[in-house]
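The values are calculated or read from the model by the stated rules, or taken from the named source; none is laboratory data. Note that this is a predicted model, so its numbers are computed, not measured. FYI the Cβ positions are ideal-geometry reconstructions off the backbone, even for glycines, and counts take in every protein chain you see.
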Amino acid sequence: MTDPPPFGTAPAHIRALDFGHVLVLINYRTGKVQCLLPNAAKHWHDAAATGRLASLPPALSTQLLTAGLLRPSATPTPWPAPVPAKSAPASWGSAEHTAGTIHPAPSPGTITAAAALTAALTVKRLGPRSAALHRITTVLAKAASTCRRPATHDQAEAAVHAVRRASWYSPARTACLEESAATVLFLASRRLSVTWCHGVAPDPVRLHAWVQTDDGAPAAEPPSTHAYTPALTIGGHHQHRP
């Protein structure tokens, strides 16, 4: 068994969020998520500040390198510290979240929304499953670059509702990832921008995708969305491409 390299760094497509009791690492190339408990999280913090993988326990270093969360480098290459994330009161998975109903009646935007949803579903499925999230974020970044002005909150909410109506007729699975991506594409067809967000919440660790307007207000989302800390945002004032 070879020794881990002495130096390394975290690729730009790796995002880390620190909830205190757990450090969540997201690989936006593969969509995989890994959690580190406090002791291992401290080692990640230390290595991030120095770029020295030799400061990590060999088993942890090997594990992170094998998972693609770190990569070797010729010299010490520090990487950004994890984003401090929002904690949440313990609920042991019993917290209640507002649910809404969708009236399936078509509206003037339903056809455009259906086309946007079809595009999002096609991008997700057209290629290896392990790269689906990367394909979606790449398309969203390109769509965001074509926008000319920010959507108002009313326009963003109308787009979300149109996509939800279209999903009523879709035979394919439509969850937050597909819905939020379709909303961005729907608005981009009108040269309107929103910020696409992908974030994490604790207790239990869970992921969610949504859109928000330039003022930071989530569009057509329940209050529980505020429990999520964004790990990646695309469009609006905060365009980041993994």
**OP:** For residue 227, work out the one condition from (1) surrounded by 15 or more Cβ atoms within 10 Å (Cβ to Cβ); (2) in contact with a helix residue (DSSP H, G or I) (Cβ under 9 Å, 6 or more places away or on another chain) it doesn't fulfil.
**Re:** (2)
**OP:** Answer yes if at least one residue in the range 67-82 is at pLDDT below 95, in a loop (DSSP other than H, G, I, E, B) and on the phi > 0 side of the Ramachandran plot, and no otherwise.
**Re:** no
Original post:
Within the range 145-165, which residues are touching an Asp or Glu at 6+ places or on another chain (Cβ under 7 Å) and charged (D, E, K, R)?
Top reply: 164
Original post:
If you check residue 225 against the conditions, is it assigned to a helix (DSSP H, G or I) and more than 23 Å from residue 115 (Cβ to Cβ)?
Top reply: yes
Original post:
Where in the range 106-190 are the helices (runs of 4 or more DSSP H), entirely inside, with at least 3 residues that are closer than 18 Å to residue 219 by Cα and among the aliphatic types (A, V, I, L, M)?
Top reply: 110-125, 153-168, 176-188
**OP:** Spot the failing condition for residue 167; the list is (1) hydroxyl-bearing (Ser, Thr, Tyr); (2) buried (at least 20 other Cβ atoms within 10 Å of the Cβ); (3) under 18 Å from the mean Cα position of the chain (by Cα), and only one is missed.
**Re:** (3)
